[in-house]
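Here the structure is laid out as structure tokens; the discussion comes afterwards.
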Amino acid sequence: MTRTTPLLLALTLLPFACKDAAPHPGKEIGTSVAPRPPTQDDRMAWWRDARFGMFIHWGLYAIPAGEWPPGDPKANKNYGEWVREEAHIPVDQYEKLQKQFDPVKFDPELWARTARDAGMKYLVITSKHHDGFGLFDSKQTDWDVMGTPFHRDILAELSAACARNGVRFCTYHSIMDWHHPDYLPRRSWEKEIRPEAGADYERFERYLHAQVTEVVTKYHPGVMWFDGEWESTWNHARGLRLYELCRKLDPAMIVNNRVDVHRGGMGGFSGSSEAVGDFATPEQEIPATGMPGVDWETCMTMNDHWGFCAADADWKTSEDLIRKLADIASKGGNFLLNIGPRSDGTFPPEAIARLSEIGAWMKVNGESIHGTSASPFDNLPFGRCTVKVGETTSRLYLHVFDWPKDRRLVLPGLGNDFGRAFLLAKPAHDLPRSRAESDVWIGLSEAAPDPVDTVVVLEITGRPIVYKAPVIEADSDIFVKPMPVRIASSSPALEVRYTTDGTEPGPFSARYQETILVKDTATIRARSYHGGRPVSAVVEAKFSKVEPRAGQLIHLRSGGLWCERFEGDWDRLPDFEALKPVSSHDVRGVELSDGKVDPSDLHGVPPATKELPVNRTAERVALRFQGYLKVDADDVYAFDLDSDDGSRLWIDGELVADNDGLHSAETKRGRIALGSGYHTIVVGWFNKTGGSALSLKSGALGAALAPVTGFANNGKETTR
């Protein structure tokens with residue numbers, strides 16, 4: 001691991017900064033060198049090739065099948081895997097379902113074969129959902145399948161069946177646990193009947209680690225798919241510990257982003273540099289443009305529930321699901337399609353029918369999904385495109401949803417020479433194709449052979465070249481010191497011509513070959529060329545040299561920030577000036593406390609309040625941090641403000657980062673030019689319910705961001 005560049009905003013070393021990696025020992029006679037641990041690319045290779053997997057949500061919640069109370073004519077019939085929470089079922093009542101779980105029709109061979117025949121390459125099943133019930137033989141608890149009349153280790157049987165059928169076995173494991181006596185917080189409706197007194201979350205964390213260790217070492221899942229990380233008791237430090245446990249247990253195993261708190265809503269990563277996890281998990285949605293540079297997987301239900309709900313008839317059509325699969329693959333993602341088995345161990349017939357129809361399509365067209373990468377085109381009016389890239393020849397798989405009335409598929413701006421075109425279903429029959437200036441067109445038959453998704457293949461020479469405008473990139477649009485500017489091209493086969501004085505680039509303008517160093521205000525314009533001719537629009541970006549805000553030279557009373565705590569129920573940051581704080585005192589910096597007191601955390605706090613840090617995590621609270629930030633050198637600084645829920649950062653009265661509103665852990669970045677000396681800083685944060693997080697990182701342009709230190713304040717008189 002490379003040492004992080006020291007942050008100029010802080011003079012003290014961070015106690016949790018990354019350490020330099022130990023030097024690799026020289027190879028001596030008679031010694032062996034340990035094998036290189038798998039990289040992320042190594043781990044992800046099979047997963048990226050798979051593109052399509054089966055999700056299975058199964059547990060005790062399948063018994064009521066969505067209805068609670070069972071048999072009551074007035075019962076709600078629309079519950080699923082959240083039935084215990086949504087129907088407010090006490091633990092002792094819910095526990096009775098364990099003695100009713102007897103899925104005598106469970107056939108692991110049939111489940112694995114069904115996934116295989118649908119074209120799915122991996123299967124993810126709930127080892128434990130939020131109700132805490134395990135589908136495996138756990139030595140940590142009796143709250144598992146071995147305490148049921150069924151008394152068979154479902155994970156063991158299914159993992160073996162998957163191996164026989166060439167399907168990669170994977171597991172979903174919930175961090176949240178409504179059953180364990182040490183899990184916190186309690187559900188809001190059960191606090192009186194199930195008090196929190198005596199609960200020990202650290203003991204629960206040890207239990208969680210022990211169960212994860214069992215799952216990984218006994219069943220060897222290809223993916224550990226975590227969930228339930230959003231409640232206030234889980235934080236980045238806990239997520240990092242769990243992630244590192246998984247890496248230690250199986251360095252080749254894939255771990256999703258929900259092991260950590262930095263999910264960024266239902267989608268990908270929040271943008272925080274400290275986030276861990278191998279892939280992002282958008283839920284019930286397909287990102288409009290994918291997630292370039294990030295591995296991601298859309299998980300989605302066939303109807304409206306993850307667990308079996310007998311009354312849920314809102315089934316997606318096979319056509320919709322096939323097109324979603326093609327859409328996701330065309331954006332570089334994976335599709336994890338869910339099944340909620342019935343309590344007897346069988347799949348709902350509606351799910352079986354859809355899997356059968358998807359499988360029939362995949363039998364013909366699976367080549368256009370497995371092992372493909374994202375489309376090189378921004379948009380195709382007829383449908384989607386997936387690609388198999390080769391050094392000498394590549395294949396474009398054109399997924400035609402809307403058959404063109406003129407029977408011509410047009411590929412705009414395709415710069416490659418091309419060879420054969422044919423239907424994937426009829427590879428022996430060539431289709432007519434030709435070029436019209438920058439576009440390539442393919443002739444089609446009168447009617448679509450497959451009205452759902454007909455796949456047309458075009459073979460091209462080399463890697464895809466699509467004519468797109470270049471992208472001008474820099475760390476900021478303002479600078480104090482000379483700043484590097486980069487220009488990215490969509491293909492190495494294209495050359496980029498540019499100017500720095502705002503004039504239009506031509507064939508004799510400077511050719512972009514290396515980073516441009518701007519020293520004064522400049523307007524850079526750029527254009528793509530191929531074979532000496534312009535093939536894209538002109539793009540431009542302006543970069544302004546600015547004077548930094550002057551710093552103050554003052555003497556301050558104490559280190560850290562002054563923090564005020566407020567209580568209330570908000571959906572956005574409150575007006576702090578109109579509120580009276582319930583407590584206030586010094587804290588080290590912009591951070592939350594887990595409620596425990598380290599003597600170094602507090603300065604001058606009365607003994608009676610030491611057990612309650614003012615910046616402790618909780619629900620329906622807000623905090624305001626105020627003080628001064630010491631800057632050591634004139635420069636433009638980037639600030640990453642990460643929070644759950646909302647937050648804002650002001651420096652010298654200027655709003656630098658706005659991360660306000662109700663949301664899960666999310667990062668917003670702001671930039672400001674600051675001179676050496678002290679600058680006033682104010683950070684506001686609030687949390688409504690659920691998870692809570694707050695951190696502030698910064699760095700000068702071009703430097704790695706690190707947690708900000710170097711704070712000082714004058715107590716209550718800091719900024720008023």
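Translational diffusion coefficient, Stokes-Einstein: compute it for region 262-357 using the Kirkwood radius over C-alpha pairs as Rh, at 10 °C and 1.306 mPa s, and state it as an integer in µm² s⁻¹. Working shown, then result.
On the way: Rh = 14.6 Å.
Estimated diffusion coefficient is 109 µm²/s.
What net charge do the residues around ARG620 carry, taking every other residue with its C-beta under 9 Å from that of ARG620, with Lys and Arg at +1 and Asp and Glu at -1?
Values: positive: LYS688; negative: GLU567, ASP569, GLU619.
Net local charge, ARG620 excluded: -2.
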Any residue on another chain or 5+ positions along whose placed amide H is under 5 Å from the amide H of ALA693 is listed here as ASP644, ASP645
Given backbone amide H placed at 1.01 Å from N, residues whose amide H is under 5 Å from that of GLY419, ignoring those fewer than 5 places away on the same chain, are GLU459, ILE460, THR461
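Quick check: from the Cα gyration tensor, does the chain come out rounded (a/c under 1.5), prolate or oblate? Spell out each step's value before the answer.
Values: a/c = 1.92, a/b = 1.05, b/c = 1.82.
Oblate, since a/c reaches 1.5 and b/c is not below a/b.
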Karplus-derived 3J(HN,Hα) from phi for region 634-648 (6.51 cos²θ - 1.76 cosθ + 1.60, θ = phi - 60°), whole Hz, x at Gly and Pro, runs 5, 5, 8, 10, 9, 10, 9, 9, 10, 7, 8, 7, x, 7, 9
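Could you sort the peptides 277-283, 119-125 by per-residue average Cβ neighbour count (10 Å cutoff), highest mean leading? The partial results should precede the final answer.
Working: 277-283: 21.3, 119-125: 24.9.
Result, highest mean Cβ count within 10 Å first: 119-125, 277-283.
Could you work out the relative contact order of the chain, using alpha carbon pairs under 8 angstrom and six or more residues apart, expressed as a whole percent? List each step's numbers first, then the result.
Working: 1699 pairs, mean separation 82.6, N = 720.
Relative contact order for the chain comes out at 11 percent.
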Gyration tensor on Cα atoms of region 346-404, a ≥ b ≥ c root eigenvalues, a/c under 1.5 rounded, else prolate if a/b beats b/c, else oblate, says prolate
Bridge orientation stat for the chain from DSSP, antiparallel percent rounded to 5, came to 75
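Can you show me the helix-derived [θ] at 222 nm for the chain, built from DSSP H runs with n ≥ 4 at -39,500 (n - 2.57) apiece and divided by the number of residues, rounded to the nearest 500.
Details: 9 runs with 103 residues, N = 720.
Here the helix-only value at 222 nm equals -4500 deg cm²/dmol.
Among 126-136, 360-370, what's the highest-first ranking by average C-beta atoms within 10 angstrom per residue? Write out the running numbers ahead of the final one.
Working: 126-136: 26.0, 360-370: 19.6.
Averaged packing, sorted descending, gives the order 126-136, 360-370.
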Counting only protein heavy atoms and leaving out ligands, DNA and RNA, the solvent-accessible surface of LYS77 at a 1.4 Å probe, in Å² to the nearest 10, equals 90
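Summarise the accessible area of the chain (1.4 Å probe, protein heavy atoms) by the percent that is carbon and sulfur. Please list the in-between numbers first.
Numbers: 16070 of 31460 Å².
About 51 percent, which is the carbon plus sulfur part of the accessible surface.
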Any residue on another chain or 5+ positions along whose placed amide H is under 5 Å from the amide H of ILE56 is listed here as VAL124, ILE125, THR126, ILE339
Residue by residue through region 478-495, the couplings from Karplus 6.51 cos²θ - 1.76 cosθ + 1.60 with θ = phi - 60°, in Hz, x for Gly and Pro, are 10, 8, 10, 8, x, 10, x, 10, 10, 10, 9, 10, 6, 8, x, 7, 8, 9
Any aspartates and glutamates whose Cα falls less than 13 Å from that of LYS316, other than same-chain ones fewer than 8 residues away, would be ASP304, GLU350, GLU357
Quick numbers on region 152-242, Rg and Dmax over C-alpha atoms in Å, give 15.7, 50
Order by accessible surface, 1.4 Å probe, largest leading, for residues ILE651, ILE554 comes to ILE554, ILE651
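The values are calculated or read from the model by the stated rules, or taken from the named source; none is laboratory data. Keep in mind it's a predicted model, so treat the numbers as computed, not measured. When we count neighbours, we look across all protein chains shown, and the Cβ atoms used for this are built from the backbone with ideal geometry, even at glycine. With ligands, DNA and RNA removed, areas are computed over all heavy atoms of the protein, side chains included. Shrake-Rupley method; radii C 1.70, N 1.55, O 1.52, S 1.80 Å.
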